[in-house]
Each structure stands twice: as C-alpha cells, then as structure tokens.
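Asks: Could you have a look at this structure, given as structure tokens, before my questions?
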Amino acid sequence: MASVHESLYFNPMLTNGVVHANVFGVRDWVTPHKMALLVLLSELGRAGAQLGLLERRRLNRLLLPLLQGPDMALSRLRKAIEECCPHLAGSVHIRLKLMAEGELKDMEQFFDDLSDSFSGTEPEVHKTSVVGLFLRHMILAYNKLSFSQVYKLYTALQQYFQKDEKKDGTDENEMELTNPEELDGKMEKEELDGPLREEEIACSGPLSQKQAEYFLSQQASLLKNDETKALAPASLQKELNNLLKFNPDFAEAHYLSYLNSLRVQDVFSSTHSLLHYFDRLILTGAESKSNGDEGYGRSLRYAALNLAALHCRFGHYQQAELALQEAIRIAQESNDHVCLQHCLSWLYILEQKIFDSCVLLEHSVNKSLHFGLPYLASLGIQSLVQQRAFAGKAANKLMDALKDSDLLHWKHSLSELIDISIAQKTAIWRLYGRSTMALQQAQTLLSMNSLEAVNVGVQQNNTESFAVVLCHLAELHAEQGYFAAASEILKHLKERFPPNSQHAQLWMLFDQKIQFERAMNDGRYHVADSLVAGITALNSIEGIYRKAIVLKAQNQMSEAHKLLQKLLIHCQKIKNTEMVIRVLLSIAELYWRSSCHIIALPVLLQALALAREYSLQYLASETVLNLAFSQLILGIPEQALNILHMAIEPVLAHGAVLDKGCAMFLVAKCQVASAASYTPQKKIEALESAILNLNEAKTYFAKVDCKEQLRDVLYFQARLFHTLGKTQERNKCAMLFRQLHQELPAHGVPLINAFK
C-alpha cells in the first residue's frame, strides 16, 4: 500500500502548478525574436477584416505561447505562422526583410509607428490587454536604449534574418534529395504548443523575467502533472544552472533544482538546492515583504521542516528527527500553529518507524480540523485508515472513515487527495482479498478526470495514486490469466512513468512479480530464480520469500526451511502479518513434502488464527483449504469435504485462477477418497462428480499455463476413467499426460503430497 504522506512536503513555489517568481532581477529587453513578434502583431492589425474567423482564432491561440515563451529561430516562427495563416507569414517575412536589408532609420520608424496602435477612439489594441502590455513593454525598453545599444540591436536583427536565409538555402538543397512525404512527416512532428525542448530554450544570454517565470512555471507544472513531458533531469538542470549563472539569488530556480534532484534520488544535490533556496529567500527579503517581520523566522522553520522531510524520504531518520526538533522549536517560539501541525504529521511518520502509535496521528487530525487545515487533516485520516487496516480492523469501519475524508475532499476540491483515497480503497480491498471490489475502485479512478486545470497535451493524474492503481490492475489481470492485458497495462505504465521517474519502482516490482509467477507456473525455475535478484533489489522481503519458493520447488527443503524461518522472525518483528501468514503456509507445505503431516497442523492453525484476527478473509480461506488437505492426508476426507464448503466460496469469487484450480482439484481428491466407503452406485456418482470438478480445475490451470498441475489432473482423470471403465476417455487423458510428462521433469514427489 503506497504511502499517503508524499504530499506533506511544504512547496512554497507551487500553487496549482504556477511558480511565483517575484525576485528575478533581470528586466525585459528587445531582441530580434521579439521584433519579429512585433512585426506579426503589426501585420495582424493591418490585415483586419481580411482574415477569416478561423485564421484569426488560430493566430490568437498561437500568440500567447509566443509572447510568454523563449526566443526561437525565425524559420520555426515562420513555420508556426504559416500553419495558421500562410498569407500573413509571407507579409511578416517581407517586412522583416525590408527592415533587415534597409537602414537603421527603418527600424526607428517601425517603433515610432507602434504607438499608433493605441491611438484613436477605437484602438487596435487595448493598453491593458496581453498584447497591449507586451507592446508597451517593448516600446519602453527600446526607448531606454542608448545609440550604441540600438545599433547592436539592428546588427543582431540582420544576423537573425541572414541566419534564416542561409538555413532556407540549405533546406532547398536538401529537399531535392529528400522524399517530400518524409519531409512532411518531419514537419508534422513539430508542435508549438508542446513542452519546451532543450534546443528551444538554449540561448546565448539570460532569459528575461517573464521568460524565466514562464519556463519555471511550465516545468514545475509538468513535474507535478506529467513528468514525462518535462525536460530530462540533465537538460533541466543545465538550463537552471544557466539561469542561476546570471542571477544566483533566483530562489525559485533553486527550488526547482531541488525538485529536479529528487527525481533522480540525488541526496547531495537536493539538499544543496533546498538550503540555497531558503538562504536566497531570506537574503532577498522576499519573505519579509509578504509576511512582515515574521518572514525571516518563517523561512527558517520551514527550511528545517523541508530538510526533515527530505531526510525522511531518503531513510535518514536520525538526521530527520534532529531537523524536525529544530523546526518544532522555532515554530513554538513564533506560535506558528500551521507549521506545528506539519511537524506533528512528520513526527508521527518518524515515530511509526520505531513503534505503532495512533495517539500522535489522532491528535494531528483533531488539531488540523480545529485550525482549518483540511488537506493535512485528510492526510492524517488516510494514514490512520492505513494503520488500522494493517491492525485488522473491519473493512466497513475503514470505508466509513474514508467516506468522511471524501466529504472533505469534494468540499474543498482536493483533487490529489481524491485520487489517494481511491487508491487507498483499492489497496485495502486487495489486502482483504476482495479482488472484485479492488477492481471496481481501480476502474473508478481510471475513469475520473482531474479537477486541476492543466495545459493541453499534458496527461492528468500522473501521480503515485495512479501508478498504484494501474499496478494493482495489472496484477489482477495476470491472476485471472489475462497476461496480454497485463502486459499492455505495464507497457502503458512504462510510457507514463519512465525508469528514471520517482514512481517507476512500483511498476518495476509488479512487472518482476508477474514474470516470476508465470515462470513458476510454467515450471521454468531457473528463469524464476534469475528474477529473484531484481525483486530483492526493489523489495527485500518479497525477494527472500520468492527465493524460498524457488528452493521449495527445486526440492531443496532444508535451505528453503532455513530461509523461511529467518523471514518469519523478521516479519513478526516488523509486524508484517500478511507475509507472516504466507510464510507459515509455505512452512506447512515443506512439512507435507517431508511427510511430517502432524507437525504441519499447528502451523496451519496459527496461520488461521492470525488471518481471522486481522480480517484477512482470503488468506483465511486459503489456510482452511490447506487444513482440508492435511485432513485428507491424515485419512479423514469426509471432514475435509465439510470444511471445504466453508472456504471454497471466497476463493471462487475473489481468488486467482491458479487458486481456483487448486481448490477444485482438492475437492475432487476429497470426493474420490470419500467414495471408498460408498455403495457401488453412489461411488460411481461421486467419481463422475469428481471428474467434472477435475475438468473445471483443468480449465483453470490451462488458463495460466500451469503445466505441472495439468499433468497431475490428467493423471488423476485417467485413473478415474479407468475405474469407471471408460477406455476411450482414459486413453485420451493418458496420451495428454504422456506428452506433458515428457516435456516436464519429474521431481519424484508423490502426487498426493502437494496442495498447490
């Protein structure tokens, strides 16, 4: 179950994905690219009614990213305009050519004419509009230039235009050698509205204030909503370093560098950038301006709180505790209740690593509601539900608690917490073994639209919750034998969460587990053994457990038993009840295989007691099936049949296909064993019923390609058909059995001594 406290990081820069960069000291200036935009606006005003409604609408949509974005090559700008209005693109090119190949006075006259756009009773451009503000900024910036700066600008304009002319000449030569269809395909791939690429933002000089704000806003929003569309970590860091080279006191750039370092799990760089962010925030006085005299202390306490969160994320719990104590001390001195509530939440997380205590969490929820902090209160409820689920509380009570938190989410439009709540419900139903309910919750989240406004082309819900739900969905499909569908889901996960993203470890683990189960079902134990190392790297407990399963399948009983005993002690120590029960079931199977059937009974009873105490219904049903198998081995098949009817219904309703097949196979075994004391007529009916159950089991095993179990079922069916005198059916089963027996190795284990 995924952690729900990832969102407790205090993020002073992000508000709905927007960066508030108010400490950037570089003013706007006129560049050749901005002059090209001014020419575009001038020609747009001249065109007037000549432009169609559709063309004008396209140009209006194009203008905003052009005005906010960084400078670009003239060829790319022309191409973007041509897609909207080819006639206007030609006019812009001619006007720029006349200006670049003319004299300096032509550029002077152009800027003088720009002021006419605001004149008249019905001006072409309103002064307070986006375009109007841009024109006024450019006119003001141009008027402040000295003569030498004006001449440099004119020279830069000439070079800007000549570079485009040279590129056009090169492109014409290449077009003669290139297939026109291939060229069209290349042009279609370029989209102006998409996220910025590295070559688009690389420039010889610093970005202006608005360009820097737009760049940081876009990248921060992408990191939050769709990490795959953001720049690669190395490219983003390069551009941030370029920004900081011209203005080292740009605090928000340091914070984005901190977020970027977290993507690649770089402890040193993330700590370095986080400390620099708060240092610059204090030095520039930005906090004091917005928060009065308390700004300085506020920055210090939130710096300590963020540092504690950072250390906790990387597992440095001692350093996190020290930083948290510092944050609590400063917050208490300043009487900052909001900061104290954040500290209390992180204090619970740190205490949870040592012992389970709900007191801090319940206190945090109550205080958060008292101080009007719904986000923090909801996170506390989510964590409390998660802890109670592991403690074995009833599912209906947990769902009632989540319903109360959902009311908070919808009341305050907390989109991210709505996703977390649904993912939490999915994980809880999976924990309790209700796969149908888990599937329903997963589909609910997948069919939802995010409440947050994001840019066109940006994926929504690219969060940890979404990754968790998709992983559960892939595992559910694999359990039902739909391996192709599971592969498609995992492929989608790999595209949405690349290997270098922060949530990639989730699908990596599930992918390895699914491959492991398929290899075990297919009897390819060497392949399963090779996957253990990858699982162990992502989850050590799961890796050790699966190593023991491989050893057990390879009949290395003593090594498997030692490994399971060590794992049992460790899981009991950390209170991982689900894994404790699974380990106990595996130990009981080892005792069966070693013909120690009596010793397996107390182990199974211990597992059953734990499963019922912690409300793990599916594990309890699986344990009852194992107990029925023990009773079958001990010679009391009638009693085994009686308890089978108690446990088989949850398995058939919510179980994996392999478990369903094993359950039906066990029912058939018990029916055959019980038929020994029946009258001849009743015995025939019992054997025919067993054959029907074996057919159902065979269907389940074939669905997951479990050849070993198929071989056992065919052997059993052949014996039953022989007893009933059905020679043709017996021979068919015997032939299929022989084919599988030649394909699979025989381990020398009697058929009756294995439940699965």
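The values are calculated or read from the model by the stated rules, or taken from the named source; none is laboratory data. Note that this is a predicted model, so its numbers are computed, not measured. Positions of Cβ are backbone-derived with ideal geometry, glycine not excepted, and every protein chain shown enters the neighbour counts. Please note that ligands, DNA and RNA were not included when accessible areas were found on the heavy atoms of the full protein model with its side chains. Shrake-Rupley method; radii C 1.70, N 1.55, O 1.52, S 1.80 Å.
Asks: Report the gain in length on full extension from Thr436 to Glu351: 0.36 nm times residue separation, minus Cα-Cα distance, nm rounded to one decimal. Display every interim value, and only then the final one.
Replies: Working: separation 85, 0.36 × 85 = 30.60 nm, distance 3.48 nm.
Result for the pair: 27.1 nm of gain on full extension.
Asks: Residue-wise, which Karplus ³J(HN,Hα) couplings in Hz belong to the stretch 469-482, taking 6.51 cos²θ - 1.76 cosθ + 1.60, θ = phi - 60°, and x for glycine or proline?
Replies: 5, 5, 5, 4, 5, 5, 5, 4, 5, 5, 5, 8, x, 8
Asks: Once the Cβ-Cβ distance between Ala156 and Thr444 is put in as r, and R0 is 60 Å, what FRET efficiency do you end up with, to the nearest 0.05? If you can, show how the numbers build up before the last one.
Replies: On the way: r = 56 Å, r/R0 = 0.93.
In this case the efficiency is close to 0.60.
Asks: Additional query: Through the Karplus equation 6.51 cos²θ - 1.76 cosθ + 1.60, θ set to phi - 60°, convert the phi angles of the stretch 220-237 into ³J(HN,Hα) values in whole Hz; use x for Gly and Pro.
Replies: Ordered by residue, 3J(HN,Hα) equals 5, 5, 5, 4, 7, 9, 7, 4, 5, 7, 6, 4, 4, x, 5, 5, 5, 5 Hz.
Asks: From the P(r) of the stretch 566-753, could you give the percentage of C-alpha pairs in the tail past 23 Å? Before the final figure, lay out each step's value.
Replies: On the way: 8122 of 17578 pairs.
That tail contains 46 percent of the Cα-Cα pairs.
Asks: What is the gain in length, in nm to one decimal, between Asn366 and Val267 on full extension, counting 0.36 nm per residue of separation less the C-alpha to C-alpha distance?
Replies: Working: separation 99, 0.36 × 99 = 35.64 nm, distance 3.39 nm.
Contour length minus Cα-Cα distance gives 32.3 nm.
Asks: Shifting gears a bit: Suppose each label sits 7 Å from its Cα in the direction of the beta carbon; what would the Lys494-His645 distance come out to in nanometres?
Replies: Once both label points are built, they end up 4.9 nm from each other.
Asks: Give the separation of the Cα centroids, the stretch 50-96 to the stretch 504-567, in Å.
Replies: Cα centroid of the stretch 50-96 versus Cα centroid of the stretch 504-567: 59 Å apart.
Asks: Next up: Using a 1.4 Å probe and ignoring any ligands, DNA or RNA, find the accessible area of Arg56 and quote it in Å² to the nearest 10.
Replies: Spelled out: Arg56, probe radius 1.4 Å, area about 80 Å².
Asks: Would you calculate the separation in nanometres between label points at Lys245 and Glu82, each defined as 7 Å from the Cα along the Cα-to-beta-carbon direction?
Replies: Inter-label distance under the simple model: 3.3 nm.
Asks: In terms of modelled amide H atoms, which long-range or inter-chain residues lie less than 5 Å from the amide H of Gly481?
Replies: Val657
Asks: Counting only Cα, what are the radius of gyration and maximum Cα-Cα distance Dmax of the stretch 46-167, in Å?
Replies: Rg then Dmax for the stretch 46-167, in Å: 15.2, 44.
Asks: In sequence order, what are the phi-derived ³J(HN,Hα) couplings for the stretch 396-412 according to the Karplus relation 6.51 cos²θ - 1.76 cosθ + 1.60 with θ = phi - 60°, rounded to whole Hz, with x for glycine and proline?
Replies: Values per residue, Gly and Pro as x: 5, 5, 5, 5, 5, 5, 5, 5, 5, 5, 4, 4, 4, 4, 6, 5, 9 Hz.
Asks: Please find the FRET efficiency linking Leu605 to Ser689, where r is the Cβ-Cβ separation and R0 is fixed at 35 Å, and quote it to the nearest 0.05.
Replies: Numbers: r = 30 Å, r/R0 = 0.85.
The calculated FRET efficiency here is 0.75.
Asks: Taking all protein chains in place and a 1.4 Å probe, what share, in percent, of the accessible surface of the stretch 566-753 do carbon and sulfur account for? Before the final figure, lay out the partial values.
Replies: On the way: 4960 of 8880 Å².
Within the stretch 566-753, the accessible surface is 56 percent carbon and sulfur.
Asks: I've got another one for you. Quick one: if you stick a label point 7 Å off each Cα along the C-beta vector at Glu333 and Gln728, how many nm between them?
Replies: Computed distance between label sites Glu333 and Gln728 equals 9.4 nm.
Asks: Counting only heavy atoms of the protein chains, get the accessible area per residue of the stretch 32-166 (1.4 Å probe) and round it to a whole Å² value. Before the final figure, lay out each step's value.
Replies: Numbers: 7400 Å² over 135 residues.
Accessible surface, normalised per residue, equals 55 Å².
Asks: To continue, here is another question. Sorted by accessible area (1.4 Å probe), largest first, how do His477, His363, His409 line up?
Replies: Working: His477 45, His363 90, His409 0 Å².
The residues order as His363, His477, His409, largest area first.
Asks: Mind checking the per residue accessible area of the stretch 537-580 for me, 1.4 Å probe, whole number of Å²?
Replies: Values: 2290 Å² over 44 residues.
About 52 Å² of surface per residue is accessible.
Asks: For the stretch 637-756, with every protein chain kept in place, what is the accessible area per residue (1.4 Å probe, Å²)?
Replies: On the way: 6000 Å² over 120 residues.
Solvent-accessible surface per residue comes out at 50 Å².
Asks: Could you tell me the calculated FRET efficiency between Tyr678 and Arg524, based on Cβ-Cβ distance and R0 = 35 angstrom, to the nearest 0.05? The partial results should precede the final answer.
Replies: On the way: r = 41 Å, r/R0 = 1.18.
So, using R0 = 35 Å, E works out to roughly 0.25.
Asks: Any chance you could check the Cα centroid distance between the stretch 629-679 and the stretch 326-379 for me, in angstrom?
Replies: Between the Cα centre of the stretch 629-679 and that of the stretch 326-379, the gap is 51 Å.
Asks: Please work out how much length the chain gains when fully extended from Ser487 to Glu55, using 0.36 nm per residue of separation minus the C-alpha to C-alpha distance, in nm with one decimal. List each step's numbers first, then the result.
Replies: Numbers: separation 432, 0.36 × 432 = 155.52 nm, distance 4.39 nm.
Length gained between Ser487 and Glu55: 151.1 nm.
Asks: Percent of accessible area on the stretch 32-166 owned by carbon and sulfur, 1.4 Å probe?
Replies: Values: 3940 of 7400 Å².
Answer for the stretch 32-166: carbon and sulfur cover 53 percent of the accessible area.
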